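The structure appears below as structure tokens.
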Amino acid sequence: MSSWLAFQRLAPSIAAILPLALAIFAYERALIPIYASAPTSRVFNKIVLASLSLGFFQPWMFTVSQKAFACAVFLALAPNAAYWIPVWSARNRDPLWGPAVTHCAILLPLVATMSSFLQRSESRVLNVASTITVFFTLTQARSVLGQVSLLNSVSESQIFLSLSFIYTCITILQLPVAAPVQAAPKKRKQPSSLTPFQTRGILMAIFLALSSSIYPNLRSPVLPHPLKELYTHPSSLYKYIPPSIVGESLNPAPNASERDQTMSNVRYLRAAHSILGGVWMGPKIMSIDNVPPIRDSYGTPLGDSIYGAFTLQEAARLVNSTAKGPENVLIMQVPSVHHFGLGIGVSATAFQRHKMPVTIVEIDPAVYDAARRFFGLPDPGEGKVFLEDARGWVARTRADVEGVPDHIFTVEFWQDLKNIMQPEGILVVNYAGHLMSDSMRMVAGTLLKTFGQCRAFHDLIQSPTKEQLENDFMNIAFFCTSSIVPLTFRKATNEDYLGSALRRHCLSNMDHREIDLKSILSSIPEGKEAEYVLTDAHNPLGKLQEEQGDHHWMLMREVLTDIYWETY
């Protein structure tokens with residue numbers, strides 16, 4: 001009996017946690033396309049904890065109907081608030097205060113109001129313990145909700161408005177409607193008053209009749225997911241192609257900004273607040289040696305990649321110091337070519353054009369589908385595509401290795417990759433960051449420790465200055481091998497270029513692109529070398545990358561103007 005009574009006391013709190021977790025999950029997911037993951041998450045948990053504390057310790061007492069009504073209102077406003085407030089704050093170019101102000105304006109009142117349904121105690125100590133318990137429960141719940149595939153097809157607006165509908169129904173059902181007073185009998189019959197049940201029933205009927213016309217107007221202006229038809233922005237600067245992760249900038253007006261002029265006629269693949277890759281289109285397609293450009297699945301010609309880093313990876317074919325080098329290549333974007341992380345498939349397409357068999361490992365099916373349909377990726381053949389996490393694929397493919405590494409870029413993970421490579425095979429790793437950062441030192445140091453020798457190259461158009469090497473955010477391609485023979489590259493020829501001016505520019509001057517790894521590693525303090533080797537037990541790379549998230553966010557805002565990022 002005591003257990004049943006305890007459950008009855010806890011039941012309201014348990015029932016309140018799920019909608020609260022859904023609302024927080026939807027809000028976070030709504031912000032990431034505008035603010036990216038790192039800036040969004042920096043103070044996110046702190047605001048959630050502060051909001052829960054406010055909900056637990058606020059001194060006012062409200063009825064169930066009043067609390068439900070407040071929740072219904074905040075949730076009804078959330079779709080547009082979670083779009084327009086971050087849009088306006090992001091235009092100030094502050095990835096620190098922008099998300100913080102947005103969280104305080106939307107997340108704090110929403111969570112504080114919804115958490116008022118959680119069971120409170122008269123003991124301050126118990127309330128503190130409850131706040132912390134609910135906070136950690138919500139943290140785990142958000143992680144679980146992110147794995148629920150059904151929610152991938154449900155928009156943030158649908159989540160917010162469905163919850164608003166539920167809380168409005170609770171408001172009506174809990175209205176303190178007074179029962180009719182029984183008057184003394186009279187000779188003349190008086191019309192009877194409505195009972196509380198009848199009053200609530202009428203209000204509920206009115207709400208249900210109006211909800212179908214009210215709620216659709218409360219949706220955010222975010223595009224439908226998946227996009228069913230072509231969407232062209234009112235500015236005519238760009239369009240989104242179904243299923244909406246593929247965008248295309250169009251011919252700009254004569255008075256367009258320099259940035260819009262530069263990034264016009266580009267088809268790009270977008271993921272959250274990042275561009276996974278893109279190609280030039282229309283008048284910006286360049287070809288050499290009269291080689292026709294590749295075409296997408298609809299026959300549209302495609303130009304070079306907008307990023308040189310993906311083309312630079314093809315230099316693995318130029319390795320001439322090992323017998324198995326060009327025949328056994330592992331490409332990491334983060335006798336065959338294994339390509340982990342596809343992007344738009346620039347290097348995977350090029351390897352297939354050179355008649356090299358390719359195996360693709362890509363965690364997101366939508367990325368693979370976009371690469372095949374809109375970026376000219378050929379079908380690598382049966383049994384050559386694995387739509388899963390690279391760690392799982394390596395775990396199944398490797399030989400005589402136990403345990404799956406928790407993270408990539410660690411010694412354990414690279415060792416697993418070595419087990420599925422030829423002894424003299426080539427690993428190509430693309431890593432973006434500041435050249436003289438701790439994260440770059442850790443990636444370089446770990447690769448060298450695992451493979452024995454590596455060479456690194458940048459993808460800049462011109463040779464970087466000393467200031468650029470020290471301060472700029474750049475893509476670096478690492479080429480590593482376990483071979484004892486020094487790693488060398490042959491000179492590129494016209495056959496290597498595949499009619500691409502970008503390939504000729506990137507591959508013809510490899511010597512001028514090389515980064516001296518000794519200069520990166522020489523700044524590691526003596527005796528601290530082990531701290532710069534990533535392992536499953538010691539892997540601060542994620543935290544270090546988050547610290548660079550602000551710079552990446554600012555960089556993306558420089559690549560494309562605000563209106564591109566504000567439509568998704």
(request) Would you mind checking which residues have amide H under 5 Å from ILE515's amide H? H placed 1.01 Å from N; only 5 or more apart, or other chain. (result) ALA456, PHE457, HIS458
(request) May I ask you to derive the FRET efficiency for ASN419 and THR262 from their Cβ-Cβ distance with R0 = 41 Å, giving the value to the nearest 0.05? (result) 0.35
(request) For VAL319, enumerate residues with amide H under 5 Å from its amide H, sequence gap 5+ or separate chain, H modeled in the peptide plane. (result) ARG490
(request) For region 498-508, just list the computed ³J(HN,Hα) in residue order, Karplus coefficients 6.51, -1.76 and 1.60, θ = phi - 60°, integers in Hz, with x standing in for Gly and Pro. (result) 6, x, 9, 5, 5, 4, 4, 5, 6, 8, 7
(request) Pull up all non-local amide H partners of VAL358: gap of 5 or more, or a different chain, and H-to-H distance under 5 Å with H placed in the peptide plane. (result) VAL337
(message) If you roll a 1.4 angstrom probe over the protein chains with everything in place, what fraction of the accessible area of the chain belongs to carbon and sulfur, to the nearest %?
(response) 59
(request) On the full set of protein chains, 1.4 Å probe, figure out the accessible area of SER193 and give it in Å² to the nearest 10. (result) 80
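Calculate, for the chain, the solvent-accessible area per residue in square angstrom, rolling a 1.4 angstrom probe over the heavy atoms of the protein chains.
Solvent-accessible surface per residue comes out at 49 Å².
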(message) For a quick size check, give me the Cα extents of region 54-168 along its three principal axes, largest first, whole Å.
(response) 44, 32, 29
(request) Give me the distance in nm between label points sitting 7 Å out from Cα along the Cα-to-Cβ direction at ASP562 and ILE132, one decimal. (result) 4.3
(request) Treating cross-link reach as a plain straight distance, find the aspartates and glutamates whose alpha-carbon is under 17 Å from the alpha-carbon of LYS228, omitting any fewer than eight places away in the same chain. (result) GLU248, ASP369
(request) Please tell me which of these pairs span more than 28 angstrom C-alpha to C-alpha: LYS384/LYS418; LYS418/LYS518; LYS384/LYS491; LYS239/LYS284? (result) LYS384/LYS491
(message) Could you give me D for the chain, from Stokes-Einstein at 20 °C and 1.002 mPa s, where the hydrodynamic radius is the Kirkwood radius over C-alpha pairs? Units µm² s⁻¹, please.
(response) 79
(request) Evaluate the relative contact order of region 405-517 (contact order divided by residue number), counting alpha-carbon pairs under 8 angstrom at least 6 apart; express in whole percent. (result) 32
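The values are calculated or read from the model by the stated rules, or taken from the named source; none is laboratory data. Everything numeric here is computed off the predicted structure, so don't read it as measured data. Glycine also receives a Cβ, built like all others from the backbone with ideal geometry; neighbour counts cover every protein chain displayed. These area figures cover heavy atoms from the full protein model, side chains too; ligands, DNA and RNA do not enter into them. Shrake-Rupley method; radii C 1.70, N 1.55, O 1.52, S 1.80 Å.
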